[in-house]
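Report on one structure; see the data block that follows.
The values are calculated or read from the model by the stated rules, or taken from the named source; none is laboratory data. Model, not experiment: these values are computed from the prediction. All Cβ positions, even for glycine, are placed from backbone atoms using ideal geometry, and neighbour counts span all protein chains on display.
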């Protein structure tokens with residue numbers, strides 16, 4: 001049995017650990033390396049984002065996933081109670097007109113589908129609005145810099 005394989009996409013010879021397992025292949029591994037596979041999956045997702053997001057929304061409604069989401073949400077609230085207090089404060093402020101919903105404030109985005117982001121949970125109504133992808137990017141930036149909300 002060989003310990004390496006050549007990717008049909010990038011033609012690079014790599015160890016088998018760089019290929020996903022696939023029971024349908026003779027050697028038990030996909031013929032495309034992990035990095036090429038990830039690149040293709042990312043390109044496909046970007047090209048079909050609306051259809052994929054609709055699929056993801058429908059899949060999230062499945063009973064088993066709803067139970068898992070509730071567990072994740074419960075753990076999220078348990079880790080830092082300020083999070084849910086801030087979330088609820090923003091919801092009340094939006095409902096009562098004390099806070100106005102704004103489009104994504106990421107430079108050159110302006111998506112109307114935005115959520116409130118707290119730079120600090122100590123200031124409940126001090127928020128910036130980001131679309132979901134930019135909200136995730138902002139949290140990744142904060143995490144990289146070691147900033148806790």
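Out of everything in the stretch 127-149 that is surrounded by 14 or more Cβ atoms within 10 Å (Cβ to Cβ) and not in a strand (DSSP E or B), what residue ends up being modelled with the lowest pLDDT?
149
Here is a yes/no grid of residues against (1) in contact with a helix residue (DSSP H, G or I) (Cβ under 8 Å, 6 or more places away or on another chain); (2) in the same structural domain as residue 137 (by TED's automatic domain parsing); (3) without any contact (Cβ under 8 Å) to a residue 60 or more places away in the chain; (4) farther than 17 Å from residue 142 by Cα:
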residue	(1), (2), (3), (4)
87	no, yes, yes, yes
93	no, yes, yes, yes
96	no, yes, yes, yes
101	yes, yes, yes, yes
106	yes, yes, yes, no
109	yes, yes, yes, yes
116	yes, yes, yes, no
121	yes, yes, yes, no
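Looking at residue 65, is it surrounded by 11 or more Cβ atoms within 10 Å (Cβ to Cβ) and out of contact with any helix residue (DSSP H, G or I) (no Cβ under 6 Å at 6 or more places or on another chain)?
yes
Of everything in the stretch 71-85 that's closer than 22 Å to residue 137 by Cα and touching a residue at least 12 places away in the same chain (Cβ under 8 Å), which residue is surrounded by the fewest Cβ atoms within 10 Å (Cβ to Cβ)?
If we take residues in the stretch 71-85 being closer than 22 Å to residue 137 by Cα and touching a residue at least 12 places away in the same chain (Cβ under 8 Å), then 80 is surrounded by the fewest Cβ atoms within 10 Å (Cβ to Cβ).
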